[in-house]
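The values are calculated or read from the model by the stated rules, or taken from the named source; none is laboratory data. The model shown is predicted, which means the values in this text are computed figures rather than measured ones. Here Cβ is always computed from backbone atoms with ideal geometry, including for glycine, and neighbour counts include all displayed protein chains. Protein only, heavy atoms only, side chains kept; ligands, DNA and RNA dropped before computing areas. Shrake-Rupley method; radii C 1.70, N 1.55, O 1.52, S 1.80 Å.
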Amino acid sequence: MMSRKRALFCLLLICGALGLLLLYDRTLPTGLCFSRESGFYEEPFELELTAPFGAEIYYTLDGSEPDENAILYTTPIFVDDATSQPNVYSMRNDMADDPQYKLPDYSVDKCTVVRAAYKDADGNFSRIKTESYFVGYDAKTGYQDLNVMSVVTAPENLFDYDTGIYVLGRKYSTIVDGNGEPLWENANSHHHGFAWERPVDIQIFNTEREVCLKQSCGIRIQGGSSRAYLPKSLNFYAREIYSLAARFYADLFGTGYMADTVTLTAGGQDAIIKFRDMFVSMLTRDRAFCTMNYEPYAMFLDGEYWGVYWLTERYDDAYLSYYYGVDADNVIMMKNSKLVRESEEDWSVYNVMLNYLQDTDFTKEENYESAGYIIDMQSYIDYYATEIYIGSWADWPGTNEAFWRTRTQTENTGGGVNCSDGRWRWMLFDVNTSALRENSVEKDVLKCAMERSPAFFNLCQSDAFKKQFTLTLMDLANETFSVKNTEPVIEDWLVLMREPLEAHLTRFYGRERLYRLDEEVADVRAFIKRRKPYAAGYLKEDFGLEGVLAPVEIEMADPCAGRVVLNTITPTFDERGKWQGEYFTDYPITLSVTAGEGYRFAGWEITTGEEKEIITETLLELEIPETGLYIKPLFEEDAA
């Protein structure tokens, strides 16, 4: 019979063993673990993978999904700068049918992409875990102040002959027209819709090289004719079927907006410098139409450098709900003459608006006033004046045009603009074809718009519309798109993007095409420098204006003393405190002023020729004599 002391010893031994087993179990991984997270590293390292006890880990380094045919993990993976590895996907010649593209004759920059999964004792595979590692990138050029995105997917999702979304594909290669030429609509990359969406994993690193987003999502090719280009623009879709998240929960644009869809745009027709869309959106951000935010990115595709892009929002109900405070389920949106969401009732709402604009006699003042209850007239004028001034004649209006409204009206219970008032508002996008090109400088886009858009032509019969349109377009010419206002933006952009774009052009076109960068920038500058007299001349000709362009000069001794608004702009004063512009004498200009803190407004000093007068109203309308106007807002320090 066991003694009490021996029994106690055995009990303690059993308890100790159980404790050790529990402690050991706690130290075992409950899932697949990587010893390093995705990121940028200065030195090479060994990556360790761990999984639950008894599981086998399989991994890949080429973006493919790991299965039993992948590499069996037995020892740590050595992670170094992968650039010296052979080019793989960048050497494919089936992504575009254009001789201007060149395969790289050097080792493109690369990151190490590790995808792993474990197989348990029952033969079941875990969910795939994907990480991207950039080693030694502090010494590389072309990435300074750019965000970086790693896009990882099974190569067949992009490059399969029949189902890959990034290649020309079998039908394009085997079916020809009567002249023996392939048909672009047969290309895999031309196809649209969910059937041509593929699963990807993305990792996004900000300019500080911190991970700001890791998510599984869907990817599609984006664009129209630019789908034929290389590289291609891409849409990314946050869906619960990929990651249980219906949004990208990261502040990708610095606005707090958590998008459900984002676009990585390669520039469309502006593929060399990828500048025009971003540039116009930035300059017109204060206008009464929607604009997108743009963030610069370098992208790696399955580990290989794939060029420079802008990440932008995508216009949808989530965008409108966040930026305009409307109910996402109460939105009607038209794009390129199609409803974004099909509804017979919404078509009726759209047709009511279109028929009214096309068929109503706007020479009658009361009819034009009624149109302002159907559309936000300043939004319409701002949008059309912008497109016309920048030279968008090749694929606009009609295409590349979008507008929206709320389905039902809601009263404005707070301050600011009520965008739930049921009026249509316009959206700017895709101005990269003919805009801001020197061969568009002399183009009469106002006449083109009147010929192509019956609604715009009909509105132009209203004297009130012509007045507001003329003033708005001249505001754009004098301030928004002036050389003085645009040149600093161009210079800042060149500082940021020259090296990245040179790396991009070398990757896709070869170093011998680097001259295109400066050519395109010169093209934009030439347009800006030369456009104003042509745009103003067409206003006079097409609208039948009888007056002349006269100078308007505003002088503000102390810009801190207050804020002046001229028509639709806030003038930017030079270092001397002066602003100059030109306006047609047909229409009066409108001025308003707000005194700054510590100041009070003392009146306007208005000089016309030899005459000078003081006007004390803060809001006034001034006729413009042919000799011009000299305006000086006066302020006094507020003793209180």
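Anything in the stretch 34-52 that is of a type outside the set (Gly, Ala, Ser) and either loosely packed, with under 13 Cβ neighbours inside 10 Å or outside any loop (DSSP other than H, G, I, E, B) (or both)? List them, or say none.
Selection gives Phe34, Glu37, Phe40, Tyr41, Glu42, Glu43, Phe45, Glu46, Leu47, Leu49, Thr50.
Inspect all residues belonging to the stretch 395-407 and state whether any of them is in contact (Cβ under 8 Å) with a residue 12 or more places away in the chain, open to solvent by 70 Å² or more (accessible area, probe 1.4 Å) and in a helix (DSSP H, G or I).
no
Hey, can you tell me all the residues within the stretch 496-511 that are out of contact with any Asp or Glu (no Cβ under 9 Å at 6 or more places or on another chain) and open to solvent by 40 Å² or more (accessible area, probe 1.4 Å)?
Arg498, Glu499, Glu502
Between a first residue in the stretch 601-616 that is over 15 Å from Thr590 (Cα atoms) and a second residue that is surrounded by 15 or more Cβ atoms within 10 Å (Cβ to Cβ) and of a type in the set (Gly, Ala, Ser), which pairs have beta carbons less than 7 Å apart while being 6 or more apart in sequence or on different chains?
Phe601/Gly562; Phe601/Ala595; Ile614/Gly603
Please go through (1) crowded, with 16+ Cβ neighbours inside 10 Å; (2) closer than 21 Å to Phe573 by Cβ for Thr585 and return the number of the only condition it doesn't satisfy.
Only one criterion in (1) crowded, with 16+ Cβ neighbours inside 10 Å; (2) closer than 21 Å to Phe573 by Cβ is unmet by Thr585, namely (2).
What residue, of Leu549, Leu496, Leu517, is farther than 20 Å from Arg287 by Cα, among the aliphatic types (A, V, I, L, M) and free of Cβ contacts under 8 Å to residues at least 60 places away in the same chain?
Leu549
Which of (1) surrounded by fewer than 16 Cβ atoms within 10 Å (Cβ to Cβ); (2) farther than 30 Å from Arg115 by Cα; (3) among the small types (Gly, Ala, Ser); (4) touching an Asp or Glu at 6+ places or on another chain (Cβ under 8 Å) is the odd one out, the single condition Gly268 does not satisfy?
(1)
Of the residues in the stretch 163-192, how many are under 30 Å from Tyr249 (Cα atoms) and open to solvent by less than 30 Å² (accessible area, probe 1.4 Å)?
Going through the stretch 163-192 one residue at a time, the tally reaches 4.
Each row is one residue, and each column tells you yes or no for (1) under 15 Å from the mean Cα position of the chain (by Cα); (2) more than 30 Å from Ser107 (Cβ to Cβ); (3) of a type in the set (S, T, N, Q).
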| position | (1), (2), (3) |
| --- | --- |
| Asp270 | yes, no, no |
| Val280 | yes, yes, no |
| Arg287 | no, yes, no |
| Leu301 | no, no, no |
| Trp306 | no, no, no |
| Arg314 | yes, yes, no |
| Tyr323 | yes, yes, no |
| Val331 | no, yes, no |
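Among the residues of the stretch 557-568 satisfying the criterion of being in a loop (DSSP other than H, G, I, E, B) and not charged (D, E, K, R), which is farthest from Leu471 (Cα to Cα)?
Of everything passing the filter in the stretch 557-568, Ala557 is farthest from Leu471 (Cα to Cα).
Name the single residue that is nearest to Asn186 (Cα to Cα) among those in the stretch 218-234 being in a strand (DSSP E or B) and among the aliphatic types (A, V, I, L, M).
Ile221
Only one of (1) over 19 Å from Met427 (Cα atoms); (2) part of a helix (DSSP H, G or I); (3) touching a residue at least 60 places away in the same chain (Cβ under 8 Å) is not met by Asp346, so which one is it?
In the conditions (1) over 19 Å from Met427 (Cα atoms); (2) part of a helix (DSSP H, G or I); (3) touching a residue at least 60 places away in the same chain (Cβ under 8 Å), Asp346 misses (1) alone.
Return only the number of the condition from (1) over 19 Å from Asn485 (Cβ atoms); (2) part of a strand (DSSP E or B); (3) not acidic (Asp, Glu) that Ile554 does not satisfy.
The one condition Ile554 does not meet is (1).
Taking the criterion of being touching a strand residue (DSSP E or B) at 6+ places or on another chain (Cβ under 9 Å), surrounded by 16 or more Cβ atoms within 10 Å (Cβ to Cβ) and either at pLDDT below 95 or not small (Gly, Ala, Ser) (or both), would at least one residue in the stretch 18-28 satisfy it? Give the steps one after another, and end with the answer.
Filtering the stretch 18-28 down to residues touching a strand residue (DSSP E or B) at 6+ places or on another chain (Cβ under 9 Å) leaves 28.
Now drop any that are not surrounded by 16 or more Cβ atoms within 10 Å (Cβ to Cβ), which leaves none.
Looking for residues that are touching a strand residue (DSSP E or B) at 6+ places or on another chain (Cβ under 9 Å), surrounded by 16 or more Cβ atoms within 10 Å (Cβ to Cβ) and either at pLDDT below 95 or not small (Gly, Ala, Ser) (or both), one finds none in the stretch 18-28, hence no.
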